Amino acid sequence: YCQLKDNKVVKRLKEPVLFPEYDYEKKGVEDPRITLLEGTYYLFYTAYDGKNALISYATSRDLVHFAKQGLVSPKISYDEAEDIFRGSGIRKRYTMFEMFYKKRGGKDILLFEKDATLFPQKFGSKFALLHRILPGIQIIYFDNFSDLTLDRWRDYFKNLGDFIVLDPLFWFENRYIGGGCPPIETKDGWLIIYHAVEGTPLGKIYHASAALLDLKNPLKVLGRLKKPLFSPSSSWERNGSVRDVVFPTSALIKNDRLYIYYGAADKLIAVKSVDLAELLTELKK
């Protein structure tokens with residue numbers, strides 16, 4: 001946890017706000033994204049046990065004290081999930097990752113669920129959660145977190161095609177895409193900053209991109225960049241714990257500029273800014 005002023009660190013705690021406590025997160029609590037909704041801060045993160053990646057979350061009222069609330073995503077095997085997907089009418093690419101993860105983690109590996117972030121308002125009375133089942137980005141709506149039972153997820157998977165927001169489309173997304181910053185409300189729509197993964201003969205490259213969603217129905221895409229918003233270019237974005245990574249997880253608007261905070265090469269935290277009006281104009285083309 002740190003505090004910034006003019007993008008300079010003015011305070012940084014010596015101890016982490018969250019750290020692994022349970023078996024399902026024993027190897028990492030990763031990629032935090034935080035949303036303020038109705039007076040509560042919802043912090044979603046990837047819980048990693050060394051084999052499975054699942055979505056978990058914690059809540060806070062003051063950004064200092066966080067209470068872990070447990071897993072959100074289902075403990076469902078890839079075998080079962082992919083059987084459901086095959087009958088749901090979604091694109092074949094959604095079944096391709098079963099073989100990859102089963103080869104890497106064994107037959108009992110669970111469905112990989114990552115990159116979750118909450119919209120900062122409800123739609124009707126329902127929460128709206130962006131999440132990522134490879135290779136695209138989806139939304140699940142629900143009244144209460146307690147509704148997200150295994151049976152609820154199974155029913156949702158049967159109609160997953162109805163809840164896909166974005167699928168890989170452009171050259172720099174040829175591997176997969178995933179969530180980035182929490183949605184930002186603008187006069188033109190919900191601004192979504194997400195990551196896009198390009199597969200190359202030399203390995204993967206993580207880019208940042210953007211999309212614009214309808215304010216009333218975020219399943220409706222109003223615009224989308226046809227080239228990356230930014231890509232790894234500096235030495236510290238290209239070389240680190242993982243090569244060629246820019247991984248956005250937070251953003252804010254200040255003085256008509258959008259500041260995007262991102263992980264660089266899985267080693268550093270960095271920030272870039274863009275003119276908000278120019279970005280929205282590009283998205284509306």
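Results for (1) buried (at least 20 other Cβ atoms within 10 Å of the Cβ); (2) under 20 Å from the mean Cα position of the chain (by Cα), shown as yes or no for each residue.
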| residue | (1), (2) |
| --- | --- |
| Leu36 | no, yes |
| Tyr41 | no, yes |
| Tyr57 | yes, yes |
| Ser73 | yes, yes |
| Ser77 | no, no |
| Gly87 | no, no |
| Gly105 | no, no |
| Asp108 | no, no |
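Out of Glu98, Glu38, Glu113, which single residue is more than 30 Å from Asn174 (Cβ to Cβ) and acidic (Asp, Glu)? Criteria check complete, one pass: Glu38. Residues satisfying the criterion are absent from the range 111-131 (criterion: more than 30 Å from Lys11 (Cα to Cα), assigned by TED's automatic domain parsing to the domain that holds Leu18, of a type in the set (Ser, Thr, Tyr) and buried (at least 22 other Cβ atoms within 10 Å of the Cβ)).
Table: residues versus (1) under 27 Å from Leu36 (Cα atoms); (2) in contact with a His (Cβ under 7 Å, 6 or more places away or on another chain).
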residue: Thr200; (1), (2): no, no
residue: Ala208; (1), (2): yes, yes
residue: Pro218; (1), (2): yes, no
residue: Lys226; (1), (2): no, no
residue: Asn255; (1), (2): yes, no
residue: Tyr259; (1), (2): yes, no
residue: Gly263; (1), (2): yes, no
residue: Ile269; (1), (2): yes, no
residue: Ala277; (1), (2): yes, no
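What number of residues in the range 163-204 are touching a residue at least 40 places away in the same chain (Cβ under 8 Å) and part of a helix (DSSP H, G or I)? Within the range 163-204, residues that are touching a residue at least 40 places away in the same chain (Cβ under 8 Å) and part of a helix (DSSP H, G or I) number 2. No other residue among Tyr176, Tyr206, Tyr156 is assigned by TED's automatic domain parsing to the domain that holds Ala81 and within 19 Å of Gly136 (Cα to Cα) apart from Tyr156. Note on the range 232-252: among residues that are of a type outside the set (A, V, I, L, M) and touching an Asp or Glu at 6+ places or on another chain (Cβ under 8 Å), the one that is surrounded by the fewest Cβ atoms within 10 Å (Cβ to Cβ) is Ser241.
The single condition among (1) closer than 16 Å to Cys181 by Cα; (2) assigned to a loop (DSSP other than H, G, I, E, B); (3) among the hydrophobic types (A, V, I, L, M, F, W, C) that Ala251 does not meet is (2).
Residue by residue, here is whether (1) aromatic (Phe, Trp, Tyr); (2) within 23 Å of His131 (Cβ to Cβ); (3) part of a loop (DSSP other than H, G, I, E, B); (4) in contact (Cβ under 8 Å) with a residue 40 or more places away in the chain holds:
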residue: Tyr206; (1), (2), (3), (4): yes, yes, no, yes
residue: Ala210; (1), (2), (3), (4): no, yes, no, yes
residue: Leu222; (1), (2), (3), (4): no, yes, no, yes
residue: Lys226; (1), (2), (3), (4): no, no, yes, yes
residue: Leu280; (1), (2), (3), (4): no, no, no, yes
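A single member of Ile184, Ile177, Ile164 is under 20 Å from Lys227 (Cα atoms) and among the hydrophobic types (A, V, I, L, M, F, W, C), and it is Ile177.
The values are calculated or read from the model by the stated rules, or taken from the named source; none is laboratory data. Computed from a prediction, not measured in an experiment: that's the story for all the values here. Backbone-built Cβ (ideal geometry, glycine too); neighbour counts: all protein chains shown.
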